[in-house]
Amino acid sequence: MSISVVCTIDDRYAQHCAVMLASLFKNNPVQIFEVYIITDKTQLSNINKLKNFLGKNIDKFNFITVDKNSFQNAPISHHISIAAYFRLLMAEVLPKNLSKVLYIDSDIIFRNKIDYLWEIDIDNFSHAAAIAVGMDNYPGKIDLPENSLYFNSGLMLVNLKYWRELNIFERGCELISQQSEKLQWWDQDVLNMLLHHSWLPIDLKWNSQVFMDDQEVEIHPGYQDRYEKFNYLEAKLDPTVVHFIGGGSAKPWHYACKHPFKHEYEQYLQYTPWKDTVPIGQPSLISQIRFRLGIGSKLRHLFQFFTNKLV
């Protein structure tokens, strides 16, 4: 049995995509994977390194280039690029003989086998996904029915036939064009607005968004039953899939990240061409020495002393 995986990236996320895939391969050593990478037409050095990494680890992989101008009106942020919207194109650009695919964000790591996840029956659903932790009161802000579940789109087991029948790409572009001011959570909002009636909720261990840095995401007391139903405690203590939600220092490739599973990202980084990469925000050796010795403050005090003498 082969598992089809799809990722959507631009050049800057190639490293993190490789780490995610390394964790997937290492925890599923006997599994056959076919990987599809959807990216834009700019083939830069990191994309080429990712190709080399895949060539050494699996037999079947494909890079599919798309035109990012298809989403030129889509809102983005400092850590969300246009590439995030490429997942709306999956049903359009993936081979027509593919009926099911596992979509995975690049800020994820795997910690165990995924056989059970892949075998979930989604014939009558658009996709399977986990709820977005801490966002239980959010659906009303995008005009979804009261008490609707809102899913995190970082990991989805997708029924491509269903997406093709619903024409997700065209309808998604139309929604972006007409209601971009509502899209606080970008393409995730788009997919929730289009598919709120048709998806299958799964346990949070398949997409654990429990921590933001080292802090637990706040959960409204009124939704405790919901989180027990989706096995929140297992997602917290022993998740199969860890999702590093948030931007900046919430990401495990940032020096200041304090996420309890950050070390596992660093572990799988060693299996990629980026194994010697310095974390973002890490101060130089000279800066660290100056900080530890207090050289900066001593120089400031010395400068103030001589300034006062001159006066």
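Scanning region 21-53 for residues that are at pLDDT 95 or above, open to solvent by less than 60 Å² (accessible area, probe 1.4 Å) and farther than 17 Å from Leu102 by Cα yields Leu50, Phe53. When the criteria are applied in full, Ile109 fails the requirement of being modelled with pLDDT under 95, among the β-branched types (Val, Ile, Thr) and either assigned to a loop (DSSP other than H, G, I, E, B) or open to solvent by less than 20 Å² (accessible area, probe 1.4 Å) (or both).
Within region 204-217, the set of residues being more than 25 Å from Leu102 (Cβ to Cβ) and modelled with pLDDT of 95 or more comprises just one member, Glu216. Lys141 satisfies every condition listed in (1) in contact with a Lys or Arg (Cβ under 8 Å, 6 or more places away or on another chain); (2) assigned to a helix (DSSP H, G or I); (3) within 23 Å of Ala18 (Cβ to Cβ) except (3).
A quick yes/no check of all residues on (1) under 25 Å from Ile202 (Cβ atoms); (2) open to solvent by less than 70 Å² (accessible area, probe 1.4 Å); (3) in contact with a Phe, Trp or Tyr (Cβ under 6 Å, 6 or more places away or on another chain); (4) among the aromatic types (Phe, Trp, Tyr):
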position	(1), (2), (3), (4)
Val241	yes, yes, yes, no
Phe261	yes, yes, no, yes
Gln267	no, no, no, no
Lys275	no, no, no, no
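Taken across region 120-136, residues that are in a helix (DSSP H, G or I) and either touching a residue at least 40 places away in the same chain (Cβ under 8 Å) or within 28 Å of Asn97 (Cα to Cα) (or both) do not occur at all.
As a summary of the residue check, Phe169 satisfies the conditions (1) open to solvent by less than 20 Å² (accessible area, probe 1.4 Å); (2) in a helix (DSSP H, G or I); (3) within 20 Å of Ile104 (Cβ to Cβ) except for the one numbered (1).
Would you check which residues across region 128-173 are within 23 Å of the chain's Cα centre (by Cα) and on the phi > 0 side of the Ramachandran plot and list them? If the condition is that a residue be within 23 Å of the chain's Cα centre (by Cα) and on the phi > 0 side of the Ramachandran plot, then Gly134 is the only one that fits.
For residues that are in a helix (DSSP H, G or I) and of a type in the set (D, E, K, R), scanning just region 172-206, find the one that is surrounded by the fewest Cβ atoms within 10 Å (Cβ to Cβ). The extreme case among them is Glu181.
Residue-by-condition table, conditions (1) surrounded by 12 or more Cβ atoms within 10 Å (Cβ to Cβ); (2) of a type in the set (A, V, I, L, M, F, W, C); (3) over 28 Å from Ile131 (Cβ atoms); (4) modelled with pLDDT under 90:
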{"residue": "Ile219", "(1), (2), (3), (4)": "yes, yes, no, no"}
{"residue": "Tyr227", "(1), (2), (3), (4)": "yes, no, no, no"}
{"residue": "Glu234", "(1), (2), (3), (4)": "yes, no, no, no"}
{"residue": "Leu237", "(1), (2), (3), (4)": "no, yes, no, no"}
{"residue": "Gly248", "(1), (2), (3), (4)": "yes, no, no, no"}
{"residue": "Lys258", "(1), (2), (3), (4)": "yes, no, no, no"}
{"residue": "Pro279", "(1), (2), (3), (4)": "yes, no, yes, no"}
{"residue": "Gly294", "(1), (2), (3), (4)": "no, no, yes, yes"}
{"residue": "Gln304", "(1), (2), (3), (4)": "no, no, yes, yes"}
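Take the conditions aliphatic (A, V, I, L, M) and without any contact (Cβ under 8 Å) to a residue 24 or more places away in the chain and apply them to Leu233. Does it pass? Spelling it out, Leu233 is indeed aliphatic (A, V, I, L, M) and without any contact (Cβ under 8 Å) to a residue 24 or more places away in the chain. Within region 242-265, can you find the residues that are assigned to a helix (DSSP H, G or I) and either in contact with a helix residue (DSSP H, G or I) (Cβ under 9 Å, 6 or more places away or on another chain) or on the phi > 0 side of the Ramachandran plot (or both)? Within region 242-265, Gly248, Glu264, Tyr265 qualify.
As a summary of the residue check, Lys161 satisfies the conditions (1) modelled with pLDDT under 95; (2) out of contact with any helix residue (DSSP H, G or I) (no Cβ under 8 Å at 6 or more places or on another chain) except for the one numbered (1). Of the set (1) of a type in the set (Gly, Ala, Ser); (2) at pLDDT 95 or above; (3) part of a helix (DSSP H, G or I), all apply to Ser153 but (3).
The values are calculated or read from the model by the stated rules, or taken from the named source; none is laboratory data. These numbers were taken from a predicted model, which means no experiment stands behind them. So basically every Cβ, Gly included, is an ideal-geometry build from the backbone, and we count neighbours across all protein chains shown. These accessible areas exclude ligands, DNA and RNA; they are computed on the full protein's heavy atoms, side chains included. Shrake-Rupley method; radii C 1.70, N 1.55, O 1.52, S 1.80 Å.
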